[in-house]
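Every number in this text was worked out from the coordinates using simple rules, so none of it is lab data. Computed from a prediction, not measured in an experiment: that's the story for all the values here. Ideal geometry is used to build each Cβ from the backbone, glycine not excepted, and the neighbour counts take in all protein chains shown.
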């Protein structure tokens, strides 16, 4: 099984592929599925801004498009493109909501910080009072 440390390395590698000509902020994500498979994502910007997509959603959408729905953890690394990670870069609100569609509130997120160390948080901390498919019943 992939460790959080290995997942962080994969997120950092995905960050190198980010396309960020407008914001200059590169983000990489690595999503661990319960079956041990990992899907990486990077943010991809667009001149029209609306079509821009975050690294976390790229990873989730790649996994879902391949039939995966059961996730075990997500590492996220971000910051100025071409520079080392210097602080936490948590998922945006839209990404948090997408994660909530597929993940429980205790879903672990490994947020990379300086020196490629990380903090572990759970989705419920980042998205309190969330709305999920359970609320649709």
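Comparing 102, 118, 49 in a Gaussian network model of the chain where C-alpha atoms under 10 Å apart are linked, the largest mean-square fluctuation is found at 49. Comparing 75, 59, 104 in a Gaussian network model of the chain (Cα springs below 10 Å), the most mobile by mean-square fluctuation is 104. Our compactness index for the chain, the C-alpha radius of gyration over the empirical 2.2 N^0.38 Å, is 0.99. For the options 50, 73, 124, a Gaussian network treatment of the chain with springs between C-alpha atoms closer than 10 Å singles out 50 as fluctuating the most. Principal-axis analysis of the Cα atoms of the chain puts helix 55-65 at an angle of about 50° to the longest axis. How tilted is helix 93-102 with respect to the longest principal axis of the chain? Cα atoms for both, answer in degrees (0 to 90, nearest 10). Its long axis makes an angle of about 40 degrees. For the listed peptides 84-97, 7-20, a ranking on the average number of other beta carbons within 10 Å per residue, highest first, reads 7-20, 84-97.
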